[in-house]
Each structure stands twice: as structure tokens, then as C-alpha cells.
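I have placed the structure first, in the form of C-alpha cells, so that the comments after it can refer back to it.
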């Protein structure tokens, strides 16, 4: 099967160099490999695998979430979130950069799209930051990197794609796994923004707010940081069983205080943003309560977004809906074509034993899981610079998942590491989707933005390292919500190795 693997890799590489659309490159490469394998009718075999690749009920969630995100983006909901976050952190030095980051996190968690976050949030925040004296390229850098957090904070289309590519990973478990990594990445980006803001003297907004409310705002930020710290502090396997009831009560109290602080600090803006934020509660809460599946939750999110954007806020006219539906259909068709083509590629790669060969090579390189994961992360970062996230997940999940499972890494943990890693590629040239959109919205060039991006690249790499080597960042919430059994997590040796003092 060596010749099949060589034909597959060479054909795909050549077509990528010729700038052939990636879905077409995948299909043609798979066709040539199947023909080289000796199939009498490679076209029929490929067509069967393409059709079988999208024959999944879970994939129906993707067009629904895309439509929901489009309705949210056009419905003026980003401005309500901006007002809400401005009242919390807009007054501190460099405040608008924190407002930008928090809004992207909130909007991304609602729309599930980093591109929508860049265009919707950046369309208002970048010009506003320009007017307030912030550096234009810095503003684009903040928006571009912060928008990627929406891919980790559920609901997220790429989590659904990974669940399908991995085969036996629960979408609900992936959704729960994304909260802490997404918040962690957002906090790292905010720390990088704080350093740059202090160095360049960017000032905060002059917001009329009583001192006690300002104190409460900082209390909210501290509560969020403390929540993340508590979640990852006990990162051995015993954390998943909660060592005592006081720990659970303390964590619940922190969440309650954070919510109370948000209401006290900016009741009016919180009230205006409340219905928008309720989207996440409805979707995630309904899935966890067993009221509906992830696919049904996606359909419900469309109805909810329609009611907010068209009926209640009236930011979208009925006449605008055909255009929004067409945009949704085009985007969904692209994603489904990528999923189908990657299914055919995965089939021939499995037949040619490519995943097993790669696994053997990596495991032969070293018996240290830390070294192997560094190698995988470096390779994925390189891949992310020239390949979009969806095809990268579909192609490399079946290759690297057997490797990390040999190391004792849970598939959900690997999924979050993979998404966090490839999110960096969305901000890097030459194929950085978010970077291109951010530069277009900010009316600047990639060459000007790359240098201000470096502190944020470092911040995202730090977050990636924590997500990779601290398993509880991804596994704690799925276990606590019952999506993953604690016994299932404990059987993975990687966790035990990392837990040793």
C-alpha cells in the first residue's frame, strides 16, 4: 500500500501548490489513490464514500447554526453585547481592547462563527477604537485573535465537524469541554492586550459609573479568573470526582457572584443584552437537560434568533431573509462538500494504513508524551498556516487521533487541543480567514498587522500549552455534567502521568 500513500500525498501536494480548491484537490487525490489501489470502478467507490460521509443526523446542526449566526450577525445583537462589556471593563486603561475581546467571546459563543465575530464586532469596535486613539493595526490584531475564541466556546460548528470525524465523540461533551479552554484563551489575549496598552499608554473610556459599581466590575473579572483557576488547579484524576462538597459549593458560589456582579454593575445594559445571552443558556441547557439533541438545539437557535432579530428588535426585514438564506446555503454547501470529500480521503487513508504508519513513526520518535505532543502541535500549526480549519480537522483527526490515544489522551481532550491549535492558523498568513476579514474591516494590510500580532500569537500559544498539558481544562466540565464518566477518564494513562508530583 506504499504506492497508494505516495500517490495520495504527492497528488494532494501538487494540487495544493497549483491552488486547486481544497475540496476538489481532496476528491481528485482520493480518486487517484483508489484507482492505484486496484479498484475496478474507483468512481463508484469514491461516490459511495462521499455520500456516506454526509449521511449523518449530527451534520444537520451545521446549516442551522450557520443560519442562526447569520441572523444574529445581521440583527444588531453585537452592539448590545458591546454596551454590556463596555460598562464592565471599558473604563480601565486599554479598556476598549478588553471590551473587544469579551464581546468577541460572547458573540462567538452565540453565533458559533469566528468570521461573523470579526465582521460584526470588528465592524463597530475597530472604527471606535481608531477614534479613541488606539493604534489601527493593534485594533485589528485584538479583534482577529479574540474572534477565534468563539470556535472553542459552544455552540461551535467545528466541534460538530470534529465529533463526526472522530467517530464516537459526543457533541454535547465537546460543547461542555470548550468553555474553560475558550475562557482561558480569552484571558490570555486580554493579558497580552493589557501589556501592549500599558506600554503604549492607551487610556480607558470615561464612563459615568459609581465607585461601588466599578469595584463590583473588577470583582466580576476576579470571579471569572478564580473560576478558571479552581477548575484547573486540581488537575490530577481526583478532580473529576470533586474531593469534597465544599469545593462544589465554592465553585457554585463564584458563578452566582459573577452573575450578580454583572447585574449590579450594568443593570440597564445587562437587561438589553440578556435575551441575546440567553441563547447559550437555551442551547446548552436544553442539551444537558436532555430536552433536545444538538441538532434539535441548532434548529431551536434559528427560531430564537429569528424572533429576536426580525420580530422583537426588527433589525432584519422580511425582504432581507432571502439573501441571508442564500448566504447560509452557500456556506453550508462548502462545509458539506469538504466533509464529503474528506470522508472519501479518510477511507482510502485507512485502507492504505496511513494513520497506523504515522502513529508508529511518532511513537518510535520518543516514548515521552510531552515530546510527541510538541511535535504534533508544531505540525498542526504549520498546517494551519495554509489550510482552513474544517478540512484540517477532517484530514488530520483520523491520522493523529490513534497516536494520542496510544499516549493515553482522551479524544475530547485531543479535540480541544486540535481546535485551539488550528485557531491560531485563522490569524496567520497566507490563509488566515479571520486575518483577511479583520484587515478588510480595519482598512489596513496584512503586512502592517503581522508585527502587532506577535504578543497575541504568544498568548494563544500559552493557552494552547495549558490546554494540551493540563487535561482538566477540557475534561472537568464534561465529567461534572455527566457527559463523560469519571472512570472513562481515569483509564487514560496520559492523565496519570501528568498527575504525578
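Values in this text are rule-based calculations from the coordinates and carry no lab data. None of these values were measured; they are calculated from a predicted model. Glycine also receives a Cβ, built like all others from the backbone with ideal geometry; neighbour counts cover every protein chain displayed.
Going by how many other beta carbons lie within 10 Å of each one, how would you line up 41, 137, fewest first? Walk me through the intermediate numbers first.
Numbers: 41 11, 137 20.
Going from least to most buried by this count: 41, 137.
Can you give me the C-alpha center-to-center distance between the range 375-395 and the range 324-363, rounded to a whole angstrom?
Using only Cα atoms to place each centre, the spacing works out to 12 Å.
Along its principal axes, what span do the Cα atoms of the range 282-336 show, with the longest given first and each in whole Å?
Sorted from largest, the Cα extents of the range 282-336 read 36, 32, 10 Å.
Peptides 440-452, 167-179, 460-472, 102-114: what's the order by average Cβ count within 10 Å, highest mean first? If you can, show how the numbers build up before the last one.
Working: 440-452: 16.2, 167-179: 22.5, 460-472: 20.9, 102-114: 28.8.
The densest-packed peptide leads the list: 102-114, 167-179, 460-472, 440-452.
Take each of the peptides 384-396, 275-287, 335-347, average the number of other beta-carbon atoms within 10 Å over its residues, and list them starting from the highest. Each step should come with its number before you reach the end.
Values: 384-396: 20.8, 275-287: 17.8, 335-347: 23.4.
Averaged packing, sorted descending, gives the order 335-347, 384-396, 275-287.
By count of other Cβ within 10 Å, fewest leading, how are 57, 436 ordered? Spell out each step's value before the answer.
On the way: 57 10, 436 17.
Exposure proxy ranking, most exposed first: 57, 436.
Once you have the alpha carbon radius of gyration of the range 72-136, what is it after dividing by 2.2 N^0.38 Å, with N set to its residue count? It would help to have the intermediate numbers written out before the result.
Details: Rg = 11.0 Å, N = 65, 2.2 N^0.38 = 10.7 Å.
My calculation over the Cα atoms of the range 72-136 gives 1.02.
In whole Å and largest first, what semi-axes does the C-alpha gyration tensor of the range 1-53 yield when each eigenvalue is scaled by 5 and square-rooted? Please list the in-between numbers first.
On the way: eigenvalues 67, 44, 10 Å².
Over the Cα atoms of the range 1-53, the ellipsoid semi-axes are 18, 15, 7 Å.
Quote the relative contact order of the range 1-53 in percent (integer), defining contacts as alpha-carbon pairs under 8 Å separated by 6+ residues.
Values: 34 pairs, mean separation 19.0, N = 53.
Relative contact order comes out at 36 percent.
Please tell me the relative contact order of the range 1-138 in percent, rounded to the nearest whole number, where contacts are Cα pairs under 8 Å and at least six residues apart. Please list the in-between numbers first.
Details: 100 pairs, mean separation 23.3, N = 138.
With pairs under 8 Å counted, the relative contact order is 17 percent.
By the gyration tensor of its Cα atoms, with a ≥ b ≥ c the square roots of the eigenvalues, what is the shape of the range 329-440: rounded for a/c under 1.5, prolate for a/b over b/c, or oblate?
The shape class here is oblate.
List 427, 382, 188 from most exposed to least, where exposure is judged by having the fewest other Cβ atoms within 10 Å. Show your work: numbers first, answer last.
Details: 427 27, 382 12, 188 22.
Ordered from fewest to most neighbouring Cβ atoms within 10 Å, 427, 382, 188 come out as 382, 188, 427.
Remind me, relative contact order of the range 320-407 in percent, using alpha carbon pairs under 8 angstrom and six or more residues apart? It would help to have the intermediate numbers written out before the result.
Values: 39 pairs, mean separation 38.6, N = 88.
Relative contact order comes out at 44 percent.
Round to the nearest 0.05 the FRET efficiency obtained for residue 317 and residue 124 when R0 = 35 Å and r is the Cβ-Cβ distance.
The pair residue 317/residue 124 has a calculated efficiency of 0.95.
Length gain on complete extension for the stretch residue 281 to residue 371, per 0.36 nm per residue less the alpha carbon to alpha carbon distance?
28.5 nm
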